[in-house]
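Worksheet: the structure to be examined is printed underneath.
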Amino acid sequence: MYKPWSVEIWRLAGALLAGLIIGGLLGAVAWCLFAAVLVYLGWQAYQLRRVYEWIRSGKRSDPIIASGIWDGLVYELHRLHQRSRRRKKKIAKLIRRFHESSAAMPDATVILGQTLEIEWFNGAAIELLELRLPQDIGRRITNLLRHPSFLAYIERGDYREAVEFPAGPDHQRQLNARLVPYGNKQFLLSVRDVTRLYRLEKMRRDFVANVSHELRTPLTVISGYLESLSDDPELDAQWQHSLAVMRSQSDRMQRLLEDLLTLARLETHENEQAPRHALDIPHLLDQVLADTAWLTEERQQALCVDIDRGLWLKGASSELHSAFANLLSNAARYTPNGGRISVRWYADEKGAHFEVEDTGIGIAAQHIPRLTERFYRVESGRSRDSGGTGLGLAIVKHVLGRHEASLRIESTLGKGSRFICDFKPERVIVQDLAA
Ligand code: ADP
């Protein structure tokens, strides 16, 4: 194997030996050794200069022929150069492929820098977001996509979920956007056109709302006749019983229609926040408790109430009334006779909390994540028998969503459950009761 270092050592040794022999012959060993070292250094300087010129010329793919250690150095430099060229080629190919695949994607893809300035975007972004090349490169995305929902999403800084907002002239397009942080403080904005899905969803919502609305009037008429018929004292026992069953079923249908309409109304404004009216929640809770008192009284349940009277909230009164009443009626309906129900309304550093705790049948852990789905019931028989529509917790979830609040459910099977509504401090108003 070629070893440049040993060649170099041999060369130096050869120069010194030559100096020694010639010095011996001439009788001036020291001078000749000195001259040999000088010649050797001069030769090294010449090689160094050649290598330096070669590096400077930038023709590293075309190596020069040097000698000794310099040849080794040229060889290593050339190898490094070749390797970095290969790597560069590979990276360039990868980038080209990425650009080609992103350009072919039907979703708009925008690469954003640290301050959300546009670095690159694909063809779909030109069509979907109306971005212009090259004028919009370097501009902040928030200066170009200005819908309040998108701006609020960016402001929030929590990009785990996507955001939907209308776009285009007359807002005829519905977009779904998601920001994905990656690398060194860079972001990838992916935007999909979900107009078709949105229209389908709207059609479904409108259909349910319209059917519920249309069924309301005939059902009211039927209920009215059933009521007046059952008031007839001459009716025999058989008919009395049949009419009672019919009335209870028509009541159930009415409750179902009311819940469906409430849900449809909430879903229509799903992406909007609830209004921020100052609400006297303790007063609202007094009403809720009065409205549901018959349920707990009928079941001889002990009701324990602890309400912070100075704690108000910014929100929509009818929506919160409906949510709190649903939780309370659930607690009563899923707690056996003689059980205990506690209602609390209090605040801490995390915000305000409405809590309903019962000593009822409880819920197995696997059901808890699905309870807020429409018509999800742990035991449908029990739910129906107790007058449930299967929509109560779905309504609660929507109401809380519109109030930027969340629902926590803790439960132990056979022991009882606790439903907690957590409201953010921004929605809380603390009244000075002494004033
Ligand atoms: P429903 O009208 O059937 O009560 P909800 O949406 O209010 O519908 O509740 C969904 C399901 O969650 C109920 O069917 C019931 O199985 C369960 N659930 C709700 N609240 C309680 C509770 N306090 N204790 C036990 N189970 C409950």
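For segment 8-42, what are the residues that are closer than 16 Å to Gly72 by Cα and open to solvent by 50 Å² or more (accessible area, probe 1.4 Å)? Write out each step before concluding.
In the first step, residues of segment 8-42 are kept if they are closer than 16 Å to Gly72 by Cα; the result is 8-11.
Ile9, Trp10, Arg11, listed by residue number.
When you check His353 against the structure, is it more than 8 Å from the ligand (Cβ to nearest atom), in contact (Cβ under 8 Å) with a residue 24 or more places away in the chain and within 26 Å of Arg204 (Cβ to Cβ), yes or no? Please lay out each step first, then the result.
On the way: more than 8 Å from the ligand (Cβ to nearest atom): yes; in contact (Cβ under 8 Å) with a residue 24 or more places away in the chain: yes; within 26 Å of Arg204 (Cβ to Cβ): no.
No.
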Next item on the list: Give me the pairs, please: first residue somewhere in segment 198-227 and touching a residue at least 60 places away in the same chain (Cβ under 8 Å), second residue anywhere and assigned to a helix (DSSP H, G or I) and of a type in the set (A, V, I, L, M, F, W, C), beta-carbon distance under 8 Å, and either six or more positions apart or on two chains.
Entry: Arg205/Ala264
Next item on the list: Give just the number: which of (1) open to solvent by 100 Å² or more (accessible area, probe 1.4 Å); (2) in a strand (DSSP E or B) does Val110 not satisfy?
Entry: (1)
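Residues are listed down the side, and each one gets a yes or a no for (1) open to solvent by 60 Å² or more (accessible area, probe 1.4 Å); (2) in a loop (DSSP other than H, G, I, E, B):
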| position | (1), (2) |
| --- | --- |
| His241 | yes, no |
| Arg255 | yes, no |
| Asp259 | no, no |
| Ala264 | no, no |
| Asn271 | yes, yes |
| Pro275 | no, yes |
| Leu285 | no, no |
| Ala290 | yes, no |
Note to self: Can you say whether Glu130 is assigned by TED's automatic domain parsing to the domain that holds Ala177, touching a helix residue (DSSP H, G or I) at 6+ places or on another chain (Cβ under 9 Å), on the phi < 0 side of the Ramachandran plot and at pLDDT 90 or above, as far as the supplied structure shows?
What the structure shows: no
Next item on the list: Working only within segment 335-350, note down all residues that are within 16 Å of the ligand (Cβ to nearest atom) and not hydrophobic (A, V, I, L, M, F, W, C).
Entry: Thr335, Pro336, Asn337, Gly338, Gly339, Arg340, Ser342, Arg344
Margin query: Looking at Leu303, Leu311, can you tell me which residue is more than 16 Å from the ligand (Cβ to nearest atom) and either open to solvent by 10 Å² or more (accessible area, probe 1.4 Å) or over 20 Å from Ser386 (Cβ atoms) (or both)?
Written below: Leu311
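For Phe207, are the conditions met, namely being on the phi < 0 side of the Ramachandran plot and part of a helix (DSSP H, G or I)? Explain how you work it out, then say what you get.
Values: on the phi < 0 side of the Ramachandran plot: yes; part of a helix (DSSP H, G or I): yes.
Considered against the rule, which asks whether it is on the phi < 0 side of the Ramachandran plot and part of a helix (DSSP H, G or I), Phe207 comes out as yes.
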Next item on the list: Go through segment 378-416 and give me each residue that's without any contact (Cβ under 8 Å) to a residue 24 or more places away in the chain, out of contact with any strand residue (DSSP E or B) (no Cβ under 6 Å at 6 or more places or on another chain) and more than 11 Å from the ligand (Cβ to nearest atom).
Entry: none
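For the subset of segment 373-385 comprising residues that are under 18 Å from Gly416 (Cα atoms) and surrounded by 15 or more Cβ atoms within 10 Å (Cβ to Cβ), which member is modelled with the lowest pLDDT?
Initial filter on segment 373-385 (under 18 Å from Gly416 (Cα atoms)): 377-379, 382-383.
Filter again for surrounded by 15 or more Cβ atoms within 10 Å (Cβ to Cβ), leaving 377-378, 383.
Numbers: Arg377: 90, Val378: 91, Ser383: 78.
Among those that are under 18 Å from Gly416 (Cα atoms) and surrounded by 15 or more Cβ atoms within 10 Å (Cβ to Cβ), it is Ser383.
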Next item on the list: Give me a count of the residues in segment 339-360 that are assigned to a loop (DSSP other than H, G, I, E, B), touching a helix residue (DSSP H, G or I) at 6+ places or on another chain (Cβ under 9 Å) and open to solvent by 50 Å² or more (accessible area, probe 1.4 Å).
Entry: 2
Note to self: Suppose we filter segment 60-82 for residues that are among the hydrophobic types (A, V, I, L, M, F, W, C), more than 57 Å from the chain's Cα centre (by Cα) and closer than 15 Å to Lys3 by Cα; how many remain?
What the structure shows: 3
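The values are calculated or read from the model by the stated rules, or taken from the named source; none is laboratory data. The shown structure was predicted, so the numbers you read here are calculated from the model rather than taken from an experiment. Cβ atoms come from the backbone with ideal geometry, glycine included; neighbour counts cover every protein chain shown. Surface areas here come from the heavy atoms of the whole protein model, side chains and all, with no ligands, DNA or RNA. Shrake-Rupley method; radii C 1.70, N 1.55, O 1.52, S 1.80 Å.
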